[in-house]
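The values are calculated or read from the model by the stated rules, or taken from the named source; none is laboratory data. All values derive from a computational prediction rather than experimental measurement. Counting neighbours? That spans all protein chains shown, and the Cβs are built from the backbone with ideal geometry, glycine included. Note: accessible area is taken over every heavy atom of the protein model, side chains too, but ligands, DNA and RNA are not part of it. Shrake-Rupley method; radii C 1.70, N 1.55, O 1.52, S 1.80 Å.
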Amino acid sequence: MPKLMITCLRGGKAYGSKVKFARFGFILEGGKVTKDVRTLYGLVRKQLGSGKQGEAGLKFVSGSLICASDTIGESVKVLEEAVKNSGLSEAKIFITCNAGDLYNETTGKYEMEGAKSLFDSNQMTEYYVKFLTDHPLVIYLENPMSDKDLVGWRTLTKRLGRDKPEVSVGCGFLSGYSAEKVAEAVVEKKPEGVEEEQKEYAEKYEEENKTKFTPQVVIADILKLETATSLLDLDKALEECKNDKRITIGLSDCDNETADTTVIDLAVGLGSRYVNVSGMTTYEHISKLARYEAISAELSHCRSATPVSYTHLRAHETVLDLVCRLLLEKKNKKKKKKKKKQNRKK
């Protein structure tokens with residue numbers, strides 16, 4: 001089952017918040033996510049409502065709250081306190097940075113809070129490493145660098161892979177690329193005219209691949225996808241260009257304010273690592289949590305239940321079940337064809 005990402009706090013200029021990053025939320029999994037969300041949301045609301053203005057000072061948008069604090073660190077502490085008081089030891093925290101909104105193309109630097117000067121790629125990387133060290137519950141960063149700063153993406157992903165392997169990095173803009181452009185952004189190349197044994201190899205290798213980077217997750221917004229099969233095309237492209245690291249698709253439904261639960265079915269069917277259903281409190285968001293719980297319970301029952309025939313399963317599948325089954329069948333056929341080709345070459 002994919003892990004659920006639930007937005008609790010929103011920042012950024014669009015909401016009149018001083019906090020630079022866009023979204024802060026919880027990462028949850030299991031068969032009781034609706035109950036866990038209510039518990040965590042209640043604790044966050046209690047904290048924010050204890051200020052001078054009380055409950056009247058709270059501002060809501062899309063099933064989540066607008067950051068009442070002034071800094072990124074203070075916003076994360078609110079969520080950390082909620083996790084601590086809830087007793088939900090498995091709950092973690094994610095941050096959607098959307099650093100492209102902070103990036104100045106002219107200077108090639110980022111405008112960060114409390115900074116006397118703009119941050120370059122290396123300073124941003126150091127900022128993230130320190131921040132993650134201070135806040136170990138944060139295990140996921142989404143769009144931590146601008147899509148105009150590929151060198152920064154490489155610097156950050158390499159550093160976190162070495163020093164913070166427990167942290168996943170999500171990239172949004174790659175999902176809009178063609179298979180060729182995805183490969184161009186991810187696949188590293190060996191420099192020509194120099195052997196691995198030579199001293200200058202490492203330097204030339206880094207120069208050749210200075211704009212290549214490998215995120216753990218590529219975020220696909222289902223509202224921006226033309227067809228369901230485009231997800232398979234993206235999945236295939238990521239499978240073919242991975243650098244000994246598994247890159248998975250994470251599905252996002254952040255801008256879909258409806259009770260449609262397709263995003264949950266697709267995430268389960270594709271084996272996504274994460275699925276983001278945005279807010280915590282509206283009926284639309286709760287319906288997606290309920291669907292997640294239902295599938296989780298179904299899968300749990302399947303593990304312990306006696307086997308049934310394929311005909312029985314087909315007779316009871318829903319339209320969404322059918323979509324997921326067809327997607328998986330198409331994916332498996334492509335894998336079998338690829339295997340046959342490889343065997344023929346041998």
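Worth a mention:
- Modelled this way, with points 7 Å down the Cα-to-C-beta line, the labels at Glu239 and Lys224 are 2.4 nm from one another.
- Cα centroid separation, segment 172-202 to segment 4-53 (Å): 38
- Electrostatic dipole magnitude of segment 144-286 [Cβ: Lys, Arg +1; Asp, Glu -1; Cα centre; debye, to 20]: 420
- Grouping the Cα pair distances of the chain into 20 Å bins from zero gives a pair-distance distribution of 27, 55, 17, 1 percent in increasing distance order.
- Of the DSSP H helices in the chain, those whose Cα atoms cover at least 30 Å axially and whose Kyte score averages 0.5 or more: none
- Comparing Pro136, Ala22, Ser168 along the charge dipole axis of the chain, the residue lying farthest to the positive side is Ser168, per the Cβ-charge model.
- Whole-number percent relative contact order across the chain, with pairs defined as alpha carbons under 8 Å at least 6 apart: 18
- Modelled FRET efficiency - R0 30 Å, Lys84 with Leu58, Cβ distances, 0.05 increments: 0.90
- Rg over Rh, two decimals, segment 1-136 (C-alpha only, Kirkwood Rh): 0.99
- When each of Lys18/Lys158; Lys189/Lys330; Lys32/Lys59; Lys158/Lys333; Lys20/Lys212; Lys35/Lys158 is checked by Cα-Cα distance, pairs over 32 Å: Lys158/Lys333; Lys35/Lys158
- Entry note, segment 152-302: relative contact order of 21 percent, from Cα contacts under 8 Å with a spacing of 6+ residues.
- Relative contact order %, segment 1-133, counting alpha carbon pairs below 8 Å whose residues are six or more apart: 26
- Surface share of carbon and sulfur [accessible, 1.4 angstrom probe, percent] for the chain: 50
- 17 Å tail of the calculated P(r), segment 154-215, as % of Cα pairs: 51
- Under-5 Å amide H pairs with Cys8, H placed in peptide plane, nonlocal only: Phe24, Gly25, Phe26
- From its DSSP helices (H runs of at least four residues, each -39,500 (n - 2.57)), the chain gives a residue-normalised ellipticity at 222 nm of -14000 deg cm²/dmol.
- Using only side-chain charges placed at the Cβ, +1 for Lys and Arg and -1 for Asp and Glu, the dipole size of segment 18-158 relative to its Cα centre rounds to 400 debye.
- Accessible area per residue (1.4 Å probe, heavy atoms of protein chains only) ranks Ser300, Ser89 as Ser89, Ser300, with the largest value leading.
- Largest first, the residues Arg246, Arg23 sort by 1.4 Å accessible area into Arg246, Arg23.
- Near Lys92, once Lys and Arg are set to +1 and Asp and Glu to -1 for all other residues with Cβ below 14 Å from its Cβ, the sum equals -2.
- Span from the segment 122-167 Cα centroid across to the segment 69-120 one, whole angstrom: 12
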